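Student: Got a structure for you, written out below as structure tokens; questions coming shortly.
The values are calculated or read from the model by the stated rules, or taken from the named source; none is laboratory data. Model, not experiment: these values are computed from the prediction. Backbone-built Cβ (ideal geometry, glycine too); neighbour counts: all protein chains shown. Accessible surface is based on the protein model in full, side chains and every heavy atom, while ligands, DNA and RNA are left aside. Shrake-Rupley method; radii C 1.70, N 1.55, O 1.52, S 1.80 Å.
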Amino acid sequence: MNQVSTISAQQLSQLIAQGNKIELIDVRTPVEYREVHATLARNVPLDQLDPCHLMKQRTGSVDEPLYVICKSGGRGAKAQQKFIESGFSNVINVEGGTDSWVAAGLPVVRGKKTMSLERQVRLVVGMFCAIGGIGSLVTGNVLWSIIPAFMGSGLVFAALTDSCMLGMLLAKMPWNNVKESKTCCGVN
């Protein structure tokens with residue numbers, strides 16, 4: 001099994017300050033990236049990540065460290081694992097992700113703020129649970145209770161697998177897609 005490497009936002013910032021050439025890949029959704037990202041990060045969403053293709057595009061050597069960042073570290077670890085499974089072991093996940101980068105007061109680019117996917121999932125699940133519960137009370141038909149039972153089961157599955165199908169579906173919705181536009185680095 002390959003060694004999983006992490007680095008703190010502060011340590012990565014120190015490497016940058018020392019003049020080290022850093023390549024940082026932000027694996028969050030384009031909407032999350034647009035809201036706030038580390039200044040030197042470029043966006044390659046986790047669901048579109050092709051480790052071999054990305055490594056071929058690098059300007060430096062594939063042996064040089066590649067840093068990955070997400071919101072809080074979980075998707076970064078998944079991206080790191082994708083690279084390791086593709087034979088690239090020098091991939092380092094930023095501990096605590098963009099949240100820790102922002103909390104450390106490190107340089108970021110801020111853009112349009114949107115409702116997070118997590119909040120959207122809570123909104124949709126809560127709405128369906130309320131509809132099912134109210135429908136059951138108003139009509140007296142217990143079949144309405146299938147809706148909150150289904151949504152609750154989905155949340156349990158998401159927690160156990162650390163994979164949220166509803167979140168992935170919501171990420172594909174039009175309001176969560178970023179129209180092609182140039183960022184500070186010319187990368188969408």
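Student: Give the number of residues within the range 67-116 that are part of a loop (DSSP other than H, G, I, E, B) and at negative phi.
Tutor: We begin by selecting, within the range 67-116, every residue part of a loop (DSSP other than H, G, I, E, B); these are 70-73, 86-90, 95-96, 104-107, 111-116.
In the following step, the residues that additionally are at negative phi were identified as 70-72, 86, 88-90, 95, 104, 106-107, 111-116.
The number of residues fulfilling the criteria is 17.
A quick yes/no check of all residues on (1) open to solvent by 30 Å² or more (accessible area, probe 1.4 Å); (2) within 17 Å of residue 16 (Cβ to Cβ):
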site: 58; (1), (2): no, no
site: 63; (1), (2): yes, no
site: 73; (1), (2): no, no
site: 77; (1), (2): yes, no
site: 105; (1), (2): yes, yes
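Student: Show the residue pairs meeting these rules: Cβ distance below 8 Å; 6+ apart or different chains; first residue within the range 13-24 and open to solvent by less than 90 Å² (accessible area, probe 1.4 Å); second residue assigned to a helix (DSSP H, G or I).
Tutor: As it stands, the answer is 22/12; 22/15; 22/16; 24/12, since those pairs meet every condition given.
Student: What pairs can you find where one residue is in the range 152-174 and closer than 17 Å to residue 123 by Cα and in a helix (DSSP H, G or I), the other is open to solvent by less than 80 Å² (accessible area, probe 1.4 Å) and among the polar types (S, T, N, Q), and their Cβ atoms are less than 6 Å apart, with a gap of 6+ or different chains?
Tutor: From residues that are closer than 17 Å to residue 123 by Cα and in a helix (DSSP H, G or I), the pairs are 170/120; 171/29.
Student: Among (1) open to solvent by less than 30 Å² (accessible area, probe 1.4 Å); (2) within 22 Å of residue 172 (Cβ to Cβ); (3) polar (S, T, N, Q), there is one condition residue 93 misses while meeting the rest; what is its number?
Tutor: The failed condition is (2).
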